[in-house]
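Single-structure report; data block below.
The values are calculated or read from the model by the stated rules, or taken from the named source; none is laboratory data. From a predicted model like this one, the values you see are computed outputs, not experimental measurements. Note: ideal-geometry Cβ built from the backbone for every residue, glycine included; neighbour counts use all protein chains shown. Each accessible area value is taken on the protein alone, full model and side chains, heavy atoms only, with ligands, DNA and RNA left out. Shrake-Rupley method; radii C 1.70, N 1.55, O 1.52, S 1.80 Å.
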Amino acid sequence: MRAVGGRLPRRPEVRAVLGRAAGGSVGGCVTQSLPGQRPVQTRASGGRGGLAVAVIGAGPYGLSVAAHLRRAGVPVRVFGEVMGSWRHAMATGMFLKSTPAATDLSAPGPGGRLSDFRRVHGEPELTELTPIPCEVFVRYGQWFKERYVGDVEPVRVASVDRATNTGGFAVLLDDGREFAAAAVVVATGLNGLAHIPEELLHLAPEGPGAGALVSHTSHHSDLSRYAGQRVAVIGGGQSALESAALLHEAGTHVQVLVRQRAVLWGTIPQPSRPWPQRLAKPASPLGTGWMLDAVCRTPGGVRRLPAATRLLLYRRALGPSGGWWLRDRVEEIVPVHTSRRVAHAEASSSAARLELAGPDGPDILTVDHVLAATGYRLDIGALPFLTPALRHGIACVTGSKAPRLTGGFASSIPGLYFTGSLAAPMFGPMMRFVAGTEYAAVRIARDAVRRIGTR
Ligand SMILES: Cc1cc2nc3c(=O)[nH]c(=O)nc-3n(C[C@H](O)[C@H](O)[C@H](O)COP(=O)(O)OP(=O)(O)OC[C@H]3O[C@@H](n4cnc5c(N)ncnc54)[C@H](O)[C@@H]3O)c2cc1C
């Protein structure tokens, strides 16, 4: 999740490499050269023409999809760092907001739940009242990978294009290797989709990086670098509030600026709620309430709603709020200014000068750094590995830049699947969370088997 707006440098050499004639063996892969076509390499065999399914991303969704594909006998190659986002795009010391019961990766058989992982390792069971440290979730992902997925290639996918000779895809890896895939599953999460509002971008004229006065929360895995400095955190959700707590605890002079009139906090879970309460507000993996319960039970039903309704659900179903267990670390400890909006920001003598609009009129705040906890924007145009030709062929949900998907998570380009957050405008808010892995992985594997067959 490092590039703001996903604008990683386009790589002109990608197309050159894909167009290069080649033969022989590279990196353990067989290279085929077909007259007048791109060279292709295959490793896993089986499926359509002996080609594998390429899964891009080894986070909760990529691992779950790969596990189901492997169990179904579909040859699969998985790319990326296992649980990479959870290691590099979350600050050390963070906890998951979701409850243990809503944080299982999807295994194709019993024994792969978070509670199984804890039991196997002799670790105490996590309950609704014990927030999950990110570090535990990363270890769970690694264990799941060993158990259900096997080989994951720790290399990034640089480019995906159509391979006209195979009817599948030409995939180029960051290390220069290339191969043909029967199908591609995009499971890259929110990587490249971080959003910094326009008015803050003046603070990073050269783009985010060393020396920039603004950065996005996803750029950080260690917030202690701001110890002793003045930092303004922009946003009122979990990311903003937890970052503020960690900054404060690291010795930073931190203030939080929230647009909303109040900060919302989750309520302490009650493991045994009386039945009238359960009836009035049923529990779901995303929280309590009829609406959340309905969208979690029937992602397929959500898909059949009009696009405008689905987008509204995506944007509004879960507004910004802080986890119940975080409240004590923020309230009356960190200054939180509500109803405050940054109207303008500029650099002034290596500090950031923020002009704020609020109920008491304009105000000025000068800080050493601005941390934008301002979320993500779904935009397939920001995925650096989709070639323009491929991207332009992908139909989007009306009113958004997210892909339109079939019930099997396939885009308008046959064999190209999207999962995780990018599927949320089709299947509802559950796809933004680990809880959606089961629904997605089962359907993608089923669709891929139907499309390309098995070994
Ligand atoms: C701060 C924060 C806290 C969150 N807390 C929770 C929570 O408590 N509970 C919850 O359910 N959800 C939470 N989420 C949402 C969370 O991101 C998802 O639930 C989950 O990680 C989605 O899994 P994923 O596999 O889609 O994406 P990710 O976990 O982001 O995995 C994507 C993977 O793709 C890899 N990748 C990206 N581009 C490439 C490429 N070109 N080539 C190869 N690999 C690539 C990345 O390295 C990464 O490993 C949180 C999100 C954020 C930002």
Computed over region 340-449, the convex hull of the Cα set has an average projected area, in nm², of 10.4 nm²
In nanometres, the difference between 0.36 nm per residue of separation and the alpha-carbon distance of Val120 and Gln229 is 34.9 nm
Simple SL model, points at 7 angstrom along Cα→Cβ for Met291 and Ala347; separation in nm is 4.2 nm
quick shape note, the chain: Cα extents on principal axes in Å, largest first -> 70, 58, 46
Carbon/sulfur accessible area of the chain, % of total, 1.4 Å probe, equals 54 percent
The answer for Leu305, listing residues at least 5 apart or on another chain whose modeled amide H is closer than 5 Å to its amide H, is none
Note: Leu305 to Ser221 extended length (0.36 nm per residue) minus current alpha-carbon separation gives 26.4 nm
The simple spin-label model distance between Leu318 and His392, using points 7 Å out along Cα→Cβ, in nm, is 3.6 nm
The size of the Cβ-based charge dipole (Lys, Arg +1; Asp, Glu -1) of the chain about the Cα centre, to the nearest 20 debye, is 1820 debye
Once normalised by the length of region 214-282, the mean sequence separation of its alpha carbon contacts under 8 Å that are 6 or more apart gives a contact order in percent of 30 percent
With all protein chains present and a 1.4 Å probe, the order of Asp175, Asp447 from largest accessible area down is Asp175, Asp447
Once all protein chains are kept in place, Arg113 shows an accessible area at probe 1.4 Å, nearest 10 Å², of 120 Å²
Between Glu146 and Thr406, the two model label points (7 Å from Cα along the beta-carbon direction) sit apart by a distance in nm of 3.8 nm
Rounded to the nearest 10 Å², the accessible area of Ser218 using a 1.4 Å probe with every protein chain kept is 0 Å²
Mean separation of Cα contacts under 8 Å (at least 6 apart) over the residue count of the chain, i.e. the relative contact order in percent, is 21 percent
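Sum up the charges of everything whose Cβ sits under 13 Å from the Cβ of Arg329, counting Lys and Arg as +1 and Asp and Glu as -1, but leave Arg329 out.
Charge balance in the 13 Å sphere: -4.
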For Val334, the accessible surface traced by a 1.4 Å probe with all protein chains present amounts, in square angstrom to the nearest 10, to 10 Å²
Computed on Cα atoms, Rg of region 100-242 relative to 2.2 N^0.38 Å comes out at 1.40
Tilt, helix 437-452 to longest principal axis of the chain (alpha-carbon atoms), in degrees rounded to tens, equals 20 degrees
With the 8 Å Cα cutoff and a minimum separation of six or more residues, region 369-455 has a relative contact order in percent of 20 percent
Helix-only [θ] at 222 nm, the chain, -39500 (n - 2.57) per DSSP H run of 4+, per residue, nearest 500, equals -6500 deg cm²/dmol
Residues of region 205-239 with backbone N under 19 Å of the label point set 7 Å from the Cα of Ile333 along Cα→Cβ are 222-239
Averaged per residue, the 1.4 Å probe accessible area of the chain, protein heavy atoms only, in Å², is roughly 44 Å²
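Want the number for Asp363 to Thr130: 0.36 nm per residue separation, take away the alpha-carbon distance, what's left?
In short, 79.9 nm is gained.
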